[in-house]
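Each remark here refers to the structure printed beneath this line.
The values are calculated or read from the model by the stated rules, or taken from the named source; none is laboratory data. The model shown is predicted, which means the values in this text are computed figures rather than measured ones. A quick note on method: Cβ atoms are made from the backbone with ideal geometry, for glycine too, and the neighbour counts reach across all protein chains shown. Note: areas computed on protein heavy atoms with side chains; ligands, DNA, RNA excluded. Shrake-Rupley method; radii C 1.70, N 1.55, O 1.52, S 1.80 Å.
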Amino acid sequence: MKISIIKTFLAAIFITIIATSCKSSALPKVKNATYSSYSNADQKGYWVEFELSHDSIAPKSVVLNNILQEITPENKTNKKFKVNVIAQSTAIFGFKPKLVEKENGIYFVTDTADVFKPVNFKLK
């Protein structure tokens with residue numbers, strides 16, 4: 001009898017710890033996710049803009065139309081991001097975009113791995 005009560009108590013503590021740790025590492029909500037295309041004489045691409053609900057988990061890169069673009073500190077203003085996703089460029093010698101087989105979204109860096117969150121970017 002005492003052993004079953006102790007097992008139940010320990011299981012409850014274990015579940016509480018797991019639930020608490022999952023909440024603290026939740027990915028931020030992505031707000032106002034938009035993109036617009038541009039084309040000039042030597043470059044074509046997209047301007048991707050979005051806002052995060054919190055910045056405790058940093059975004060690493062953006063995927064738009066199967067093109068992966070890293071996010072740099074210069075892309076961040078508070079919790080808002082504006083990323084230049086370059087599709088073609090003659091200004092950058094030998095430029096090739098990083099192509100991936102992923103839907104549109106954002107990669108986040110967590111303690112254990114990079115986590116992909118699908119995002120429905122709206123055309124401006």
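Before moving on, here are some points about what is shown:
- Only residues that are modelled with pLDDT under 95 and open to solvent by 40 Å² or more (accessible area, probe 1.4 Å) were counted in the range 99-114, giving 5.
- Scanning the range 39-66 for residues that are open to solvent by less than 70 Å² (accessible area, probe 1.4 Å), over 14 Å from Asn104 (Cβ atoms) and charged (D, E, K, R) yields a total of 2.
- Pick from the range 75-97, criterion within 16 Å of the chain's Cα centre (by Cα) and charged (D, E, K, R), ranking: nearest to Tyr38 (Cα to Cα): Lys82
- Boolean, Ser21 is modelled with pLDDT of 95 or more and exposed (fewer than 12 other Cβ atoms within 10 Å of the Cβ): no
- Restricting attention to the range 67-89, the residues that are in contact with a strand residue (DSSP E or B) (Cβ under 7 Å, 6 or more places away or on another chain), open to solvent by less than 70 Å² (accessible area, probe 1.4 Å) and outside any strand (DSSP E or B) total 2.
- Long-range neighbours under 6 Å by Cβ, at least six apart or interchain, first residue in contact (Cβ under 8 Å) with a residue 12 or more places away in the chain and in a loop (DSSP other than H, G, I, E, B) within the range 47-66, second open to solvent by 50 Å² or more (accessible area, probe 1.4 Å) and not hydrophobic (A, V, I, L, M, F, W, C): Ser53/Lys29; Asp55/Lys79
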